[in-house]
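Chemist: First the structure, then my questions, so here it is.
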Amino acid sequence: MSDLLDGLASWWHSGVLFMPLMLGVSLVLYTLIFERGYSLYMRMALHGGRGAAGLDPAALSESQFRLELSRGFTIIRALTMSLPLLGLLGTVSGMVRTFSTLALASSASSASVSQGAGAGISIALSATQYGIVLAVPGMVALWFLRARVERIADAQALRFHLSAEQALGAAEES
């Protein structure tokens, strides 16, 4: 048990512990993105703007309809923003370990100290790189999802206004 705790503490201090955490966050993020994208695709392709559950957009105001379409976007945005921050936290913890190792290594040879410091800095900075690489596609996907919501909501608003004009025209004729 002590070896396990020592290993986890070593991971934490090197910044590597944050990489599996970022992987878990990104799996949740990309699952939500896929679900929202699939839901919006199905809404357009199969139901002509209506929800899979038979939601009637005409029964909602335009803002309520947009809110229903963009359900889950706040969570997606929060997860996307957390990935680079987790990477930065991994980098900071790795750098703290590297500098504390440098401070304690005053009696070691300069070659081994510089090699250890370089390896520690490399591991620490890879946490930030990992967080950014995982976050950027999430930001792009969120942009595409928002654009799709706007297209669906605009198309629904146009259909609503056209049907209202047709109903008004029919009422005036009779």
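Chemist: Counting only residues that are in contact with a Ser or Thr (Cβ under 9 Å, 6 or more places away or on another chain) and at pLDDT below 80, which one in the range 35-84 is surrounded by the fewest Cβ atoms within 10 Å (Cβ to Cβ)?
Modeler: Applying the filter and picking the extreme gives Ala52.
Chemist: Sort out which residues of the range 17-34 are out of contact with any helix residue (DSSP H, G or I) (no Cβ under 6 Å at 6 or more places or on another chain) and either crowded, with 20+ Cβ neighbours inside 10 Å or polar (S, T, N, Q) (or both), and write them in order of number.
Modeler: If the condition is that a residue be out of contact with any helix residue (DSSP H, G or I) (no Cβ under 6 Å at 6 or more places or on another chain) and either crowded, with 20+ Cβ neighbours inside 10 Å or polar (S, T, N, Q) (or both), then Thr31 is the only one that fits.
The values are calculated or read from the model by the stated rules, or taken from the named source; none is laboratory data. Since the model is a prediction, treat every value here as computed from it, not as a measurement. Because the Cβ atoms are built from the backbone with ideal geometry, glycine has one as well, and the counts that use them run over all protein chains shown.
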